[in-house]
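Report on the following structure.
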Amino acid sequence: LMFQVLVLISVITHVMPYLGSIGMERSAAAFIASAIPLVSIGGRLGFGWLNSRFDNRRVAAVGFAMMSLSMLLFSYAGDMLMVVLVPFLIFFGIGSGGITTTRVTLLKNYFGRRKFGTVHGFTVGVMSAGTVAGPPLTGWVFDTWGSYQGIWLVYAAVLLFALVIMITTPLSVTKSGRA
């Protein structure tokens, strides 16, 4: 989950500078930046429904897959700007919004209700590491190599790693959520 936040905050922080660096007008870049949280609402609602019906690990894995694909698309936005940005918005917004919703259900299923507050607080603390590390790392990569493409590709790989972790994590010990 830290990986999702690392990528999400990095993209939100650098979306306008990135799009500007590949020639997009500032007003169009602002539209794209504004659309990301709006599209994420669909992911939050849709994944909330999916979480009630399917294995939460698989639902989260779908979100990571969507985000990873979106980062691949985003890394090539300079070549095919608008053709790539619409699917990027859909996959990134829905995937990131969906994982945000799935996080709470995963924690409850794995650790139960009794210690939910403690576990959630610890998880948010760990996720904060991604919030703190992502944007400066992304900026450093751009400042060092003059391009964002490499870091977007690295983030696609990081999200694939998170997907593998999610689908290989054993089932919950606390099936009832009352532990």
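The values are calculated or read from the model by the stated rules, or taken from the named source; none is laboratory data. Computed from a prediction, not measured in an experiment: that's the story for all the values here. Because the Cβ atoms are built from the backbone with ideal geometry, glycine has one as well, and the counts that use them run over all protein chains shown. Surface accessibility is based on the protein's heavy atoms, side chains included, excluding ligands, DNA and RNA. Shrake-Rupley method; radii C 1.70, N 1.55, O 1.52, S 1.80 Å.
Which pairs turn up if I take residues in the stretch 36-57 that are of a type in the set (D, E, K, R) and look for partners that are open to solvent by 90 Å² or more (accessible area, probe 1.4 Å) with beta carbon separation below 7 Å, at least 6 apart in sequence or on another chain?
The qualifying pairs do not exist here.
If we scan the stretch 5-18, do we find a residue that is crowded, with 17+ Cβ neighbours inside 10 Å and not in a helix (DSSP H, G or I)?
The answer is no; no qualifying residue exists.
Could you check the stretch 32-57 and list, in sequence order, the residues that are more than 22 Å from Leu171 (Cα to Cα), open to solvent by 30 Å² or more (accessible area, probe 1.4 Å) and not small (Gly, Ala, Ser)?
Pro37, Leu38, Val39, Ile41, Arg44, Leu45
Do the conditions hold for Ala60, that is, is it open to solvent by less than 10 Å² (accessible area, probe 1.4 Å), assigned to a helix (DSSP H, G or I) and among the aliphatic types (A, V, I, L, M)?
Criteria met by Ala60.
Anything in the stretch 70-104 that is surrounded by fewer than 18 Cβ atoms within 10 Å (Cβ to Cβ), under 17 Å from the mean Cα position of the chain (by Cα) and either over 18 Å from Val39 (Cα atoms) or charged (D, E, K, R) (or both)? List them, or say none.
Correct list: Val104 only.
Please enumerate the residues belonging to the stretch 105-141 that are touching a residue at least 24 places away in the same chain (Cβ under 8 Å), within 19 Å of Phe74 (Cα to Cα) and open to solvent by 60 Å² or more (accessible area, probe 1.4 Å).
Scanning the stretch 105-141 gives a single hit, Leu137.
When Ala29 is evaluated against the numbered criteria (1) open to solvent by less than 10 Å² (accessible area, probe 1.4 Å); (2) of a type in the set (Gly, Ala, Ser); (3) touching a Phe, Trp or Tyr at 6+ places or on another chain (Cβ under 9 Å); (4) in contact (Cβ under 8 Å) with a residue 24 or more places away in the chain, which criterion, by number, is the only one it fails?
So the condition that Ala29 fails would be (4).
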